[in-house]
Each structure stands twice: as C-alpha cells, then as structure tokens.
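Asks: A single structure is presented below for examination.
The values are calculated or read from the model by the stated rules, or taken from the named source; none is laboratory data. Note that the structure is predicted; figures quoted are calculated from it, not measured. Neighbour counts are summed over all protein chains in view; Cβ atoms, including those assigned to glycine, are modelled from backbone coordinates with ideal geometry.
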Amino acid sequence: MLIPENFSPLLNLIFYINGGIVALWLFIQFCLYIYKQYIRSPTILRNKFPKEEEVWAAITSIDDEIGKEYTLQLAKQGFNVAVFSDSVSRLTKICDLVAEQDPKTKIKIIKVDWTEDIDETFETVKNELDGLNVQVLVNNATVFPEKTDLFHETHIEDDLKMVQVNIDVVVRMAKLLIPSMITKGGGYIINMSSWIMWNGLPYLSVYAGTKKFLANFSLSLHFEYVKEKIKTSYVLPFCSDFKFPYFLKLGFLSPSPQMYVKKTLGLVGTGYRISPFFSHWLLEKIINQNFGIFNWLHNKWYKRSINKEKKND
Ligand SMILES: NC(=O)c1ccc[n+]([C@@H]2O[C@H](COP(=O)([O-])OP(=O)(O)OC[C@H]3O[C@@H](n4cnc5c(N)ncnc54)[C@H](OP(=O)(O)O)[C@@H]3O)[C@@H](O)[C@H]2O)c1
C-alpha cells in the first residue's frame with residue numbers, strides 16, 4: 001500500500017484531484033495536438049496574404065537540408081525569397097533550384113557571414129532588404145559546436161560566436177522586419193529552436209542556452225504582437241534523418257528535411273510552439289516529466305564520447 005493508513009482523507013482527496021487535473025490537461029493537449037496535426041487543413045502561408053501583392057520570405061541560412069527546404073517550399077507556395085549564406089556556391093545552387101522549380105519566383109541572394117562585425121553586417125542586410133515586402137522570416141542559421149566539451153574548456157571566442165549567430169542575428173532580424181510587418185498588417189516569424197530547450201544539454205551548455213532563449217523570445221513576441229497579426233513561433237526539431245547515427249534513422253523519429261519543413265509550415269499560425277512530429281511531441285512530454293533522468297543520460301553519453309576523443313588524440 002503506497003498511501004499510509006493514517007493519511008488524512010483530505011490530503012488523499014487533494015492528491016486524487018491533482019492527479020485528475022494533470023491527466024485531464026495531458027488529454028486536452030493530446031486532443032489539441034491530434035486536431036492540429038491530422039484534422040484541420042494544413043496552413044498555406046501564401047494564402048494569408050493578398051494574391052496580387054508581391055510577398056517575400058527571408059531565410060537566414062540555406063544549408064543543404066532544412067534551410068534549403070524552407071526556401072523551396074515557400075517559393076513553391078508563391079513567395080519571393082531572400083536567402084542568406086556565407087557560401088557563394090550554396091547561393092548559386094539555391095538560385096538554380098528555385099529557378100528550376102518556377103522561373104517566375106524572384107530570389108535575392110545575400111552573402112553574409114553572421115559571425116563577422118554584426119553592426120556592419122546588419123547595415124548590409126538592411127540595404128539589401130530595403131524595398132522588399134518581407135512578411136515571413138525564418139531564422140534557421142545556427143552554430144553548433146564542433147565538439148562537445150566541458151564549458152570551461154571551450155574557447156570563449158567560439159562560445160560568443162555561437163551566441164552571436166543563434167541569438168543576436170535572430171533579435172536583429174526581428175527588430176529590422178517587425179516595423180514593416182506592422183505597417184503591412186501582419187507577418188510570420190519562425191525561429192528554429194530545438195527539443196533540448198526543454199531540459200538543457202550538458203557539455204553543450206551555450207548551445208542549449210541559446211535554444212532556450214529562442215523559445216522564450218518567440219513566446220514573448222508572439223503575445224506582444226498578436227494584435228498586430230504578427231505570429232511568432234519556435235520550432236522544436238528532435239532529429240532529422242541526415243544528422244543522426246544509424247540506430248536513430250527510424251522513419252517515425254527522424255523525418256526527412258522535406259517532410260519536416262512541410263509539416264512545420266502546415267502548422268504555422270496555430271500556436272507559438274511547433275512540434276510537427278507526433279514521436280517528437282511524445283518524447284518532449286516524456287523528457288519534460290523525467291525528473292532529471294535525461295540529463296543524467298546525456299552526462300554519461302557525452303562524458304564517454306569526450307573520453308573516447310581524448311584517447312584518440
Ligand atoms: N537537424 C536537426 O536534427 C536539428 C535538431 C535540433 C534543432 N535543429 C535546428 O534546426 C535548424 C536547422 O538545422 P540543420 O540541422 O539544418 O542545421 P545546420 O545544417 O547546422 O545549418 C545551420 C545553418 O547555419 C548556417 N551558418 C552557420 N554559421 C554561419 C555563419 N557564420 N554565417 C552564415 N551562415 C551560417 C550554416 O551555413 P554554413 O554551413 O554555410 O556555414 C547552415 O546553413 C538549426 O537552427 C538547428 O539548431 C536541428
């Protein structure tokens with residue numbers, strides 16, 4: 001018997017009610033999730049703006065996976081696209097892909113290295129975007145540490161570069177584009193956070209911190225600008241099939257970038273948090289109720305990988 005016999009009936013009742021409320025809350029969340037995911041028709045962002053107007057989407061990086069998919073799928077919906085990259089070959093490639101898909105799509109390519117002087121960089125960005133009606137912003141650029149390490153052993157320059165790309169750029173892009181979104185009657189901001197924002201990630205502390213920032217920043221902006229019809233969301237990828245080891249390459253856990261972006265765009269506007277895969281959503285719920293077990297597991301996992309790296313050096 002878990003509850004002692006002399007336990008106050010009142011306390012007993014309170015525990016039952018508390019448990020009931022939590023169960024009901026989880027059930028409601030589950031129903032809402034099923035509704036958003038499988039019952040309502042997916043959002044088509046382009047339909048939120050007048051057809052006759054030229055509307056631009058800005059995507060802050062176009063890696064070969066998620067960023068490229070955002071660009072192609074938004075262009076396919078009918079947006080013109082402004083894309084940023086530090087790589088000329090990537091910019092040329094995305095131009096070809098967009099033109100191949102639909103030669104009528106206008107594309108603006110902007111070469112920037114987000115780790116360079118931020119004030120100068122944003123002067124360039126401001127000039128390049130001047131006159132374009134940017135009403136969709138996807139903050140995809142991110143710096144992920146090259147290797148996991150104890151915080152005091154990482155270089156401060158690398159940490160600060162990560163903060164600059166993962167946070168400063170997002171804040172400055174929002175600051176630059178929100179005023180014109182207000183004037184134009186609304187817009188959408190999509191910030192790529194990560195599932196690790198729930199619980200942190202030992203040995204990747206700065207990265208994990210930046211992703212938590214994105215979540216709180218997005219949530220706050222969302223409510224701040226709801227009256228201006230600017231909807232900000234943060235996305236919580238868990239993993240996608242191109243990044244993870246073989247044992248995690250299970251379709252239900254690690255979707256392709258195409259599928260990931262398609263589902264994410266289909267959910268934009270339904271709330272400030274987007275977790276487009278049921279398996280990820282479920283994992284988040286488990287991680288959220290784990291009483292530190294995941295952090296303990298991370299600790300073990302990363303400690304082992306660091307020791308292995310040190311042995312190999
Ligand atoms: N893939 C996943 O499983 C996963 C999981 C959790 C969260 N996420 C989040 O989802 C987003 C996309 O993920 P991903 O896996 O596709 O990321 P990724 O491949 O690491 O892409 C990051 C992008 O940022 C760009 N970037 C980095 N430093 C830059 C700089 N100094 N100047 C200009 N561009 C720079 C990279 O361009 P270059 O390569 O040319 O430098 C690349 O295009 C990220 O925000 C990531 O944190 C992804």
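Asks: When you go through (1) part of a loop (DSSP other than H, G, I, E, B); (2) within 16 Å of the ligand (Cβ to nearest atom); (3) touching a strand residue (DSSP E or B) at 6+ places or on another chain (Cβ under 7 Å) one by one for E54, which number turns out not to apply?
Replies: It fails just one condition, (2).
Asks: Just the residues that are closer than 15 Å to L265 by Cα, modelled with pLDDT under 90 and among the polar types (S, T, N, Q), please, taken from segment 22-70.
Replies: Hit for segment 22-70 is Q37, nothing else.
Asks: On to the next question. Here are K93, K126: which of them is assigned to a helix (DSSP H, G or I), within 15 Å of the ligand (Cβ to nearest atom) and surrounded by fewer than 19 Cβ atoms within 10 Å (Cβ to Cβ)? Talk me through it step by step, then tell me what you get.
Replies: Numbers: K126 fails: within 15 Å of the ligand (Cβ to nearest atom).
Only one candidate qualifies: K93.
Asks: Regarding segment 226-242, can at least one residue be identified that is touching a residue at least 60 places away in the same chain (Cβ under 8 Å), within 10 Å of the ligand (Cβ to nearest atom) and crowded, with 18+ Cβ neighbours inside 10 Å?
Replies: Yes, the conditions are met somewhere in segment 226-242.
Asks: Could you please find all residues in segment 129-169 being buried (at least 17 other Cβ atoms within 10 Å of the Cβ), in a loop (DSSP other than H, G, I, E, B) and within 14 Å of the ligand (Cβ to nearest atom)?
Replies: Matches in segment 129-169: N140, A141, T142, V143.
Asks: Sticking with this one: Of the residues G292, G266, which is at pLDDT 95 or above and not acidic (D, E)?
Replies: G266
Asks: Tell me yes or no: at least one residue of segment 99-111 is closer than 23 Å to K211 by Cβ, touching a residue at least 12 places away in the same chain (Cβ under 8 Å) and in a helix (DSSP H, G or I).
Replies: Within segment 99-111, none of the residues are closer than 23 Å to K211 by Cβ, touching a residue at least 12 places away in the same chain (Cβ under 8 Å) and in a helix (DSSP H, G or I).
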